[in-house]
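Asks: Right, I'll just put the structure down here and ask away after.
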Amino acid sequence: MEKIFKSESSLKRINKIRDFLFSDKWIAILFIVAAVFACLDSFYARGSDTNHQFAIAGTVVLAYFTGFCFLFTGDILAMLIPLMFTYLVAIRCYNSLNDFLSIIWLAIPLIAIIIFNLVVYRKKLSAKGSQFKPMMFVSFAVIMGGFGFISAKDYFAGSSIYHMLGMGFGMVLVYCYLYAKIDVTKKYSLIEQLTRIMVIVGIFATLMVIAHYLININLAIDKGGIFFIRWRNNISTILMITMPFAFLQGNKKPYAIVFGFLFFLAMLLSGSRGGMVFGAIELVMCIVMFVLYDKRRRLAYVIICVCVVFGLLIFLPQITKFLNNTFVRLFNVLNDFLIGGEDTETRVRHYARGIQDFLKHPVLGTGLGYMGNRDIFKNKAGALCWYHCEPIQIAASFGIVGIIAFVYQFIKRNMLIWKKATLFNMTVFLSYISLEMMSLVNPGILCPVPYLLLVTLFLVIVEKCDDGETQERIPIFKKFKTVFKTKRVSKK
């Protein structure tokens, strides 16, 4: 931008705009705009899978807010804020591909702005990152998936190409782009800014669920508790990604710890079984991690945990009754998984079919775009025929080649995170591993935007901050060794 506007007064105005994009006022504007469209959708959709004109409109408006950021800055984190708000409104647009295609012309200015951003704020792509090689291996596995079996029609379908590029070579380019663009700066701390953004996203997601209940309070009363929310798994996945950052924020602002518990409450209210089970596991991991290593806030954690436990004991019958529908659905799927039957749930049938597909095509799998399983569930326009379980999806779609590539990538990701044990790195680990848990029952991390994109961003920031930002190492295994030694001494 400096090459276009060379006058000092113009550059000052641009820098003011760039500072504004990180300000509380700008985030408040985005928050309010997104909340208005989300609430309008909750009010007018009323459980409909087709009446989402307000969510569609909100997605477009927020996309243009994102475009505004792309126009004035090359800072990735400044672009991330409106992008996440856009996604949170967009998840409500179930089965709306044709509606978006009817207004595709609105994307032309946005595409022009993105091209402008890539040209004006360009940097030479960097393949120096530690994740480049494993991502390349995964890319080849994804592209080769289904060779010799999948039809050309399925392989070259739009949704198949998007996901293959998004999981493969396209994400490699994004990784190289992020690695070149993101660097430690004196303007702000990458760690603090990312933490702030993730907490804000989690707060908005939580309020979106609560507002949906308040607007549909009569439905909640009629059902006597949890009612169906189409976007429950997506919102729970976002909340699981953001939860550890609430605890990290509590490292400096104790009140932020409460947000972590509220995020889990929103997962329960969403009715997501994965959110209930894996969110509970994640919450325990966060509490254990930060009680052990955040000495300054240890008392706050203990007090909050005691209050929560007392609250659960006092209101246990009411809570159980309110969540009854989720418990019933959870026990049903467990029963189907262990016993089976004529009315076996769709997910369980997908798991069984995925194992069968892997055994039939063990080397390269059936391919990501394979549509041979639509007899189990007829996927909507623009969607893949998912197996709804990451390990099974990898095995069935990419075979042994894919398993090797994805396992190698998983190991390399964790080697990077655990290379330097800091509270931030452990926060990223909890966020990443929680996404992996949620991906056991949903497409999750296999969706390029936003989940795989967020993981890619997190890993770049971890690698940059390990050397560029001053961070205190935490004795990750020292506590456990001390406890073990104490027990041995007491026995003697």
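The values are calculated or read from the model by the stated rules, or taken from the named source; none is laboratory data. These numbers come from a predicted model, not from an experiment. Here Cβ is always computed from backbone atoms with ideal geometry, including for glycine, and neighbour counts include all displayed protein chains. The protein model used for the area step is the full one, side chains on, heavy atoms only, and it has no ligands, DNA or RNA in it. Shrake-Rupley method; radii C 1.70, N 1.55, O 1.52, S 1.80 Å.
Asks: With the dipole of the chain worked out from charges on the C-beta (+1 for Lys and Arg, -1 for Asp and Glu) around the Cα centre, which of I376, G275, I221 lies farthest toward the positive end?
Replies: G275
Asks: Which order do W105, W386 take by accessible area at a 1.4 Å probe, largest first?
Replies: Final ranking, largest accessible area leading: W105, W386.
Asks: A further question on this structure: Spelling out what I want: for every residue of the range 299-316, take phi, set θ = phi - 60°, compute 6.51 cos²θ - 1.76 cosθ + 1.60 (Karplus), and round to whole Hz; glycine and proline get x.
Replies: 3J(HN,Hα) across the range 299-316, in whole Hz: 4, 4, 4, 4, 4, 5, 4, 4, 4, 5, 4, 4, x, 5, 5, 5, 9, 4.
Asks: Ok, one more. Let me have the relative contact order for the range 1-101, percent, based on Cα pairs under 8 Å that are six or more residues apart.
Replies: Reported as a whole number, the value is 31 percent.
Asks: Under the rule of at least 5 residues apart or a separate chain, name every residue whose amide H is placed under 5 Å from the amide H of G250.
Replies: Close amide H contacts, sequence-distant or interchain: I257.
Asks: For the chain, what is the charge dipole size about the Cα centre, in debye to the nearest 20, if Lys and Arg each add +1 at the Cβ and Asp and Glu each add -1 at the Cβ?
Replies: Dipole size: approximately 1840 debye.
Asks: For the range 195-206, just list the computed ³J(HN,Hα) in residue order, Karplus coefficients 6.51, -1.76 and 1.60, θ = phi - 60°, integers in Hz, with x standing in for Gly and Pro.
Replies: 4, 4, 4, 5, 5, 4, 4, x, 4, 5, 4, 5
Asks: Local charge sum around D183 (other residues, Cβ-Cβ under 10 Å, Lys/Arg +1, Asp/Glu -1)?
Replies: Residues close to D183 contribute a combined charge of +3.
Asks: If you keep only loop residues by DSSP, which chymotrypsin sites (Phe, Trp or Tyr not before Pro) in the range 199-270 have at most 14 other Cβ atoms within 10 Å of their Cβ?
Replies: Those satisfying the criteria are F228.
Asks: First select every other residue whose beta carbon is under 9 angstrom from the beta carbon of Y121; then total the charges, Lys and Arg +1, Asp and Glu -1.
Replies: It works out to a net charge of +2.
Asks: List the residues whose amide H sits under 5 Å from the amide H of T422, counting only those 5 or more places along or on another chain, with H placed 1.01 Å from N in the peptide plane.
Replies: I474
Asks: Please give me the summed charge of the neighbours of H361: other residues whose Cβ is under 15 Å from its Cβ, Lys and Arg +1, Asp and Glu -1.
Replies: Computed value for this residue: 0.
Asks: With contacts defined as alpha carbon pairs under 8 Å and 6 or more residues apart, what's the relative contact order of the chain in percent?
Replies: Averaging sequence separation for qualifying contacts and normalising by length gives 18 percent for the chain.
Asks: Okay, moving on. Just to check I understand the Karplus step: with θ = phi - 60° and J = 6.51 cos²θ - 1.76 cosθ + 1.60, what whole-Hz values come out for the range 128-143, glycine and proline as x?
Replies: 7, x, 5, 9, 4, 5, x, 5, 5, 4, 4, 4, 5, 5, 5, 5
Asks: Sort out for me the Cα centre separation of the range 246-310 from the range 415-477, rounded to whole Å.
Replies: So the two Cα centres are separated by 18 Å.
Asks: State which entries of K25/K124; K128/K412; K186/K252; K128/K419; K123/K186 exceed 22 angstrom in Cα-Cα distance in the structure shown.
Replies: Violating the 22 Å Cα-Cα cut-off are K25/K124.
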